Structures are given as C-alpha cells and as structure tokens.
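Chemist: Sharing a structure here in structure tokens format.
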Amino acid sequence: MNFKWFIDSISLEMISWIILMIAISLISWLIESRKWQYLVKEFYELRFRESVLQNLTSQAASFITPFRLGEFALKSLFFSKAHRKNVVSKVFWANFSQMVVTSTFGIASIITLSSINDKQDIYFILLVLSILIIGLFSVRFIDKKLQISTIPQTQLVITIGYSLLRYLVFASNWIIVLWALNYDFELIDVMLKIGLYYLLVSVVPVLQLLDLPVRYTVASIVFESTLQQEEVILIASTIVWFTNTAIPTLLGCALLPFKSFKLAQA
C-alpha cells in the first residue's frame with residue numbers, strides 16, 4: 001500500500017469526514033446501549049449511562065478474545081450471581097439479533113448480486129457456506145442459550161428493531177468513506193456489497209485484535225478493486241475499522257480502570 005498517497009490525501013475535509021464517521025460510530029454504540037438497557041430491564045433497572053459504560057468496557061474486553069467471550073465475562077461481573085445466567089442469555093440474544101440482521105442483509109445481497117452479475121457460481125458457494133456456518137452456530141446456541149420460544153414476541157421485534165437501526169447506522173460509514181475518498185460507485189451496488197462484506201467478516205471466527213487483515217482481504221474481493229482502486233479500498237477498510245472498532249475499544253480501555261464492578265442486586 002502506498003501510504004504516501006494516504007498522507008497526501010489527508011486534508012481538512014477528510015479530517016471532517018473522519019470526525020463525522022466517529023460520531024456515527026458512537027451513535028451506533030448508543031443504540032446498542034439502549035438495546036442492552038431494554039434487554040436487562042426485566043430483572044434490573046439499568047440506567048442508560050451505566051449501559052453505555054458496560055457496552056464500551058465490554059467491547060474492550062472482547063477485543064482480545066475470540067467469539068466476543070470477553071463481553072460475556074465482563075458483563076456478568078456487573079451483576080450479582082443471581083442474575084448472571086440471565087445476563088449471559090441476554091448477551092447471547094443481543095449478539096444473535098445483530099447476526100440475524102447482518103445475515104438477512106448479507107444473504108439478500110448475495111442473491112441480488114448473483115442475479116445481476118456473471119459470477120453466480122461464486123456467490124452461490126458463498127451463500128451456501130454462509131448459511132451452513134450461521135446454521136451451525138444457530139443450532140448449537142439458540143435452544144440451549146437463547147430459548148427463543150420463551151422470549152415475548154414484543155421483545156423479539158423491539159430487539160431486532162434496535163439491531164436493524166444499529167446496522168444501518170454503522171454500515172453508513174462505508175458509504176461516507178468511499179464518497180470522501182472519491183471512489184467511483186453506484187449507491188445500490190455498493191450497498192449490496194456492504195451487506196455481503198459484513199456477512200463474510202462476521203462469520204469468520206477471528207480475534208478482533210487480528211481481524212484487520214481479514215477485512216482487507218474480504219473488502220478487496222467484495223469490491224472487486226482494480227489496481228488503481230485497491231489502495232482506496234484498503235484505506236477505506238482501515239478507516240472504517242478505526243472508527244467502528246478501534247475508537248470504541250480505546251474508549252472502553254480508558255473507562256475500564258475507573259469502572260467499579262458494582263453488583264446489581266435488584
């Protein structure tokens with residue numbers, strides 16, 4: 001990658017775009033915090049401020065653990081032992097609902113792209129593999145951990161709604177960064193590819209700490225970059241990862257030393 005091109009491309013306008021993307025990323029975490037507050041309210045009245053702190057610090061913990069295990073462990077510590085089974089179940093449901101939204105957009109993107117492009121075989125293989133991987137995790141965890149049949153329909157709809165809103169917010173950062181980097185694209189086409197991109201990176205079980213190379217690879221394949229556009233895609237991947245993942249993680253790391261593990265007893 002020609003980093004000199006990246007440095008030369010940085011301007012006041014680009015910095016403004018990045019600040020906007022950071023703000024959008026933080027909004028997506030506020031939505032996630034509202035969802036977490038909603039999920040635990042059946043056994044504990046969590047303040048929104050506490051929900052934000054729990055989500056950001058848990059993001060920091062999950063950054064160095066596979067399958068976001070750090071999130072399960074840290075969020076459990078915020079509650080008494082009597083609540084911890086419920087907490088683990090709610091964390092599973094929060095993540096699973098987000099995966100449902102990501103999978104829905106991703107699979108719809110694969111089907112649409114395969115119908116309009118000449119690469120039906122490749123997209124069909126990706127579709128089958130994605131369904132198999134998602135199905136494997138679903139079968140193992142839904143019945144044992146989430147107990148979907150016991151969740152009220154209203155809670156299902158509201159949780160999926162929060163997840164959908166969050167997806168639309170953080171996915172918009174891709175459109176913003178490609179626009180800022182003067183990447184030539186059609187809106188519908190890039191939206192479909194964003195859906196495919198997020199599906200593929202979400203089904204690869206890799207540490208968040210090490211997932212940037214995976215995101216580079218997936219982005220290069222999905223956006224079918226020419227040699228001239230490859231630098232733009234790689235830099236866009238870095239900026240999106242920085243705003244959507246690194247910034248919330250750094251905030252969580254900064255807050256973690258000051259966060260006391262006050263157990264919820266109610």
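The values are calculated or read from the model by the stated rules, or taken from the named source; none is laboratory data. These numbers were taken from a predicted model, which means no experiment stands behind them. Neighbour counts are summed over all protein chains in view; Cβ atoms, including those assigned to glycine, are modelled from backbone coordinates with ideal geometry.
Chemist: With under 21 Å from Ala23 (Cβ atoms), aromatic (Phe, Trp, Tyr) and at pLDDT 95 or above as the only criterion, which of Tyr162, Tyr198 stands out?
Modeler: When all the criteria are applied, what remains is Tyr162.
Chemist: Additional query: Could you check region 173-199 and list, in sequence order, the residues that are assigned to a helix (DSSP H, G or I) and of a type outside the set (A, V, I, L, M)?
Modeler: Asn173, Trp174, Trp179, Asp189, Lys193, Gly195, Tyr197, Tyr198
Chemist: Restricting to region 146-171, give me the number of residues that are touching a helix residue (DSSP H, G or I) at 6+ places or on another chain (Cβ under 6 Å) and among the polar types (S, T, N, Q).
Modeler: 2
Chemist: If you don't mind, another one. Only one residue in Lys41, Lys119, Lys81 is loosely packed, with under 15 Cβ neighbours inside 10 Å, within 18 Å of Gly161 (Cα to Cα) and either modelled with pLDDT under 90 or of a type in the set (Lys, Arg) (or both). Which one?
Modeler: Only one candidate qualifies: Lys41.
Chemist: Looking at Lys35, Lys85, which is the one that is closer than 24 Å to Leu156 by Cβ, in contact with a helix residue (DSSP H, G or I) (Cβ under 7 Å, 6 or more places away or on another chain) and not small (Gly, Ala, Ser)?
Modeler: Working: Lys85 fails: in contact with a helix residue (DSSP H, G or I) (Cβ under 7 Å, 6 or more places away or on another chain).
Result: Lys35 is the single residue among Lys35, Lys85 that is closer than 24 Å to Leu156 by Cβ, in contact with a helix residue (DSSP H, G or I) (Cβ under 7 Å, 6 or more places away or on another chain) and not small (Gly, Ala, Ser).
Chemist: Any idea which residue in region 55-78 is modelled with the lowest pLDDT, counting only those that are farther than 15 Å from Leu39 by Cα and of a type in the set (Phe, Trp, Tyr)?
Modeler: Phe67
Chemist: Would you mind stating whether Thr217 is hydroxyl-bearing (Ser, Thr, Tyr), at pLDDT 90 or above and in a helix (DSSP H, G or I)?
Modeler: No, not satisfied.
Chemist: Among residues belonging to region 25-43 that are over 17 Å from Gln59 (Cα atoms) and in a helix (DSSP H, G or I), point out the one that is farthest from the chain's Cα centre (by Cα). Show your work before the answer.
Modeler: Filtering region 25-43 for residues over 17 Å from Gln59 (Cα atoms) gives 38-43.
Next cut, in a helix (DSSP H, G or I) only: 38-40.
Values: Tyr38: 19, Leu39: 18, Val40: 21 Å.
Only one residue tops the list, namely Val40.
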